[in-house]
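Just below is one structure, and these are the notes that go with it.
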Amino acid sequence: MGARVVRMMRNFNLENRVFREISREKPQPAPRHATEAPAAAASSEAAGTIVDPVNQKNDPLLALLKSVYVESKDPAAQEPKGVTQVKEAERRPLRFSLPGDPYGLVGLTDVPKGKLTIAEALKAVSSHQRQPQTWTPEKVAQEYSLELKDTKDLLEFFIPFQVQIIPPKTDNTKQIKASSD
């Protein structure tokens, strides 16, 4: 209710108040400081004096610039040849691969040390789960050229999927049967 009253008072005689404000005489701006030259002429003269020294050649600076010689080398080119041979030697042949290459590992013959393929990881985890006394984390690390810490983490946290089919407890249990059309 209060908002209606305020709105009515605010909108009362609005047009007359607007016209009165528009027709009121505007205040005069303060006079500008007197200058000796017009503004356009002064700016062009000032710009001319600033631009000329910038565009002129400075012979002593040019001579110093010519004496500078920069020699750069590619960081990869500075690497000795023995380092790349060590990197190539840090690969190991595959221990296990699946027949038919279902995971797109066609042409894969070796992997870097410290890495496993999916098939090798599944084989290592399943071997450890089936025979933990034989396949200890130390043996798995040695067999696949892994670090012991990484191997322990792999065997602890990497769990492959297991599919379990649970049969019904009794014959009376309702089952969904395949529809035959």
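Only one of the numbered conditions (1) modelled with pLDDT of 75 or more; (2) farther than 22 Å from Glu90 by Cβ; (3) polar (S, T, N, Q); (4) open to solvent by less than 100 Å² (accessible area, probe 1.4 Å) is not met by Thr173, and that is (1).
Checking the conditions here, which among Glu45, Glu36, Glu21 is open to solvent by 90 Å² or more (accessible area, probe 1.4 Å) and at pLDDT 85 or above? Result of the check over Glu45, Glu36, Glu21: Glu21.
Quick one: is Ala3 modelled with pLDDT of 75 or more and either assigned to a loop (DSSP other than H, G, I, E, B) or touching a Ser or Thr at 6+ places or on another chain (Cβ under 6 Å) (or both)? For Ala3, the condition - modelled with pLDDT of 75 or more and either assigned to a loop (DSSP other than H, G, I, E, B) or touching a Ser or Thr at 6+ places or on another chain (Cβ under 6 Å) (or both) - is not met. For region 110-159, the set of residues classified as assigned to a loop (DSSP other than H, G, I, E, B), open to solvent by 80 Å² or more (accessible area, probe 1.4 Å) and not hydrophobic (A, V, I, L, M, F, W, C) consists of Lys113, Lys115, Gln131, Gln133, Glu147, listed by residue number.
Does Glu90 count as touching a Gly at 6+ places or on another chain (Cβ under 9 Å), surrounded by 10 or more Cβ atoms within 10 Å (Cβ to Cβ) and modelled with pLDDT of 60 or more? In short, yes. Residue count for region 48-61, restricted to those that are at pLDDT 85 or above and surrounded by 10 or more Cβ atoms within 10 Å (Cβ to Cβ): 1.
The values are calculated or read from the model by the stated rules, or taken from the named source; none is laboratory data. Not measured: the values here are computed from a predicted model. Using ideal geometry, Cβ is built from the backbone for each residue, glycine included, and neighbour counts are taken over all protein chains shown. When the accessible area is computed, the model is the full protein with side chains, heavy atoms only, and any ligands, DNA or RNA have been set aside. Shrake-Rupley method; radii C 1.70, N 1.55, O 1.52, S 1.80 Å.
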